[in-house]
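The structure under discussion appears below in the form of structure tokens.
Taken together, the values in this text are just the output of simple stated rules run on the coordinates, not laboratory data. Predicted model only: the values in this text are computed from it and were never measured. Cβ placement follows ideal geometry from the backbone for every residue including glycine, while neighbour counts extend to all protein chains displayed.
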Amino acid sequence: MPDRPIVGSKLQAGVTTSSKNFKKAVDRNRIKRLIREGYRLQKPAIQNVLHQKNTQLAVFFIFTGKELPSSSVVNEKIGLILQRLINIINENNPQNT
């Protein structure tokens, strides 16, 4: 595959939650809002890494819990997920470090 600049967004994300565990749309929407907000606040770190490595990433968050989470728990878990992804990106693309 030829080396050419990546056009468009380097990072895409999606969010979903189960209607099986959360019957009310209000609860599902709240969970999705919490996840999107946690992601929005912490995505600059992974965006910088993707830009440095000149690579793209698509992430999809699936909430499978049975209880409504608090915003602090969601922020903490999103941070852990993004840090793991950064570590994986760095391991798989050691050039341009």
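Applying the criteria of a DSSP loop state and at most 10 other Cβ atoms within 10 Å to the trypsin sites (Lys or Arg not before Pro) of the stretch 6-90 yields LYS20, LYS23, LYS24, LYS66. Scanning residues 5 or more positions from VAL59 or on other chains, those with amide H under 5 Å from its amide H are GLN12, ALA13, GLY14, with H placed 1.01 Å from N in the peptide plane. Which entry in [x] 22, 18, 12; [y] 37, 17, 11; [z] 30, 14, 11 matches semi-axes √(5λ) of the Cα gyration tensor in Å derived from the coordinates of this structure? Evaluating semi-axes √(5λ) of the Cα gyration tensor in Å on these atoms matches [z].
Which of the pairs LYS32/LYS53; LYS24/LYS77; LYS32/LYS77; LYS23/LYS66; LYS20/LYS43 have their Cα atoms more than 21 Å apart in this structure? Pairs exceeding the cut-off: LYS32/LYS53; LYS24/LYS77; LYS20/LYS43.
Between LEU80 and ARG40, full extension at 0.36 nm per residue minus the direct alpha carbon distance yields a gain of 13.0 nm. Each label point was placed 7 Å from the Cα along the Cα-to-Cβ direction; for LYS32 and SER19 their separation is 1.1 nm.
Counting only alpha carbon atoms, the long axis of helix 71-92 and the longest principal axis of the chain meet at about 20°.
Helices in the chain, meaning DSSP H runs of at least 4 residues, each add -39500 (n - 2.57). Divided by all residues, the mean residue ellipticity at 222 nm is -18500 deg cm²/dmol.
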